[in-house]
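Worksheet: the structure to be examined is printed underneath.
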Amino acid sequence: MTSQPGNPSPVPLRVLVADDQELVRAGFRLILEAAGFVVVGEAADGAEALALAASGRPDVVLMDIRMPVMDGLAATRQLTATGPDAPKVVILTTFDLDDYVYEALRSGASGFLLKDAPRADLIAAIRVVAAGDALLAPSVTRRLIEAFSARPVATTPSPSKLASLTPRERDILLQVARGQSNTEIARTLVVSEATVKTHVAHLLAKLGLRDRVQAVILAYETGAVTPGRPD
């Protein structure tokens with residue numbers, strides 16, 4: 001929940017559920033409403049998700065990848081391209097079956113959630129991404145490393161993209177790329193958590209990145225972090 005200026009009462013987060021299985025959508029709705037969220041709609045495909053997002057203005061969209069008419073990747077790309085006020089997208093996935101983790105991150109997703117995750121994880125995931133953080137589990141980080149290990153070196157962008165960063169910001173980017181939280185980074189670099197948060201915000205702004213997920217991708221793409229080698 002968020003609070004509006006001058007109003008101490010929290011405003012419930014608005015969530016859109018996009019999944020082609022009606023029972024799955026109904027189950028998510030029950031959990032979300034019981035937790036105090038407002039479910040602004042249920043979409044059975046990506047195209048419907050786009051339409052409902054435009055009318056319902058959700059804070060977060062739970063997006064299945066495999067859907068008819070328009071899949072979750074295409075819908076996520078269109079949603080996140082609408083500007084800074086675009087809803088955050090959490091991809092609903094089964095890691096053992098979906099081969100789209102990297103492409104979903106590239107499409108603008110802010111996190112991943114297993115469909116069989118405990119309800120507490122679902123609720124926490126929505127709050128995390130709504131607050132502007134990224135939900136990047138270690139299993140997703142491993143998939144990113146595997147993806148970049150298989151990419152030809154010639155396809156990676158120039159490291160010059162990182163030239164605007166200060167040495168401290170670069171250090172923090174490397175820790176973010178390893179999947180560390182602000183608390184873990186503060187402990188590693190022996191600084192305060194507030195300092196880490198400030199540096200993260202600055203480096204994201206300098207690099208024109210939306211969140212930590214994009215920072216991880218850029219760190220690997222530019223070679224700042226190399227799979228299989230200490231940085």
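The values are calculated or read from the model by the stated rules, or taken from the named source; none is laboratory data. Predicted model only: the values in this text are computed from it and were never measured. A quick note on method: Cβ atoms are made from the backbone with ideal geometry, for glycine too, and the neighbour counts reach across all protein chains shown. Quick note on the areas: whole protein, heavy atoms, side chains included, nothing else; ligands and nucleic acids left out. Shrake-Rupley method; radii C 1.70, N 1.55, O 1.52, S 1.80 Å.
Using θ = phi - 60° in the Karplus curve 6.51 cos²θ - 1.76 cosθ + 1.60, the 3J(HN,Hα) couplings for region 106-121 round to 5, 6, x, 5, 9, x, 10, 8, 5, 5, 9, 5, x, 4, 4, 5 Hz; x is entered for Gly and Pro. For G41, the residues whose modelled amide H falls within less than 5 Å of its own, excluding neighbours fewer than 5 places apart on the same chain, are V17. For M67, nonlocal amide neighbours, meaning residues 5 or more places apart or on other chains whose placed amide H falls under 5 Å from its own, are G72. Here the peptides 187-194, 216-223, 31-38 are ranked by packing, the mean other Cβ count within 10 Å, and the order with the highest first is 216-223, 31-38, 187-194. Each Lys and Arg adds +1 at its Cβ and each Asp and Glu adds -1 at its Cβ; summed about the Cα centre, region 163-231 shows a dipole of about 40 debye. With a Förster radius of 25 Å applied to the beta-carbon distance between R187 and D116, the computed FRET efficiency rounds to 0.20. How much of the accessible area of region 26-109, in percent, comes from carbon and sulfur atoms when a 1.4 Å probe is used? Of all accessible area on region 26-109, carbon and sulfur atoms account for 52 percent.
Scalar couplings 3J(HN,Hα) for region 192-197, obtained by applying the Karplus form with A = 6.51, B = -1.76, C = 1.60 to θ = phi - 60°, are 7, 5, 5, 5, 4, 4 Hz; x denotes Gly and Pro. The HN-Hα couplings worked out from phi for region 62-70 by the Karplus form 6.51 cos²θ - 1.76 cosθ + 1.60 (θ = phi - 60°) are 8, 10, 6, 7, 8, 9, x, 6, 9 Hz, whole numbers, x standing for Gly and Pro. Note on region 44-113: with charges restricted to the Cβ of Lys and Arg (+1) and Asp and Glu (-1), its dipole about the Cα centre is near 260 debye.
Calculated FRET efficiency, V38 to L174, Cβ-Cβ distance, R0 = 30 Å: about 0.20 to the nearest 0.05.
Is the C-alpha gyration tensor of region 3-83 telling us rounded, prolate or oblate? Criteria: a/c under 1.5 is rounded; beyond that, a/b larger than b/c is prolate, otherwise oblate.
Oblate shape, in that a/c is at least 1.5 and b/c is the bigger or equal ratio.
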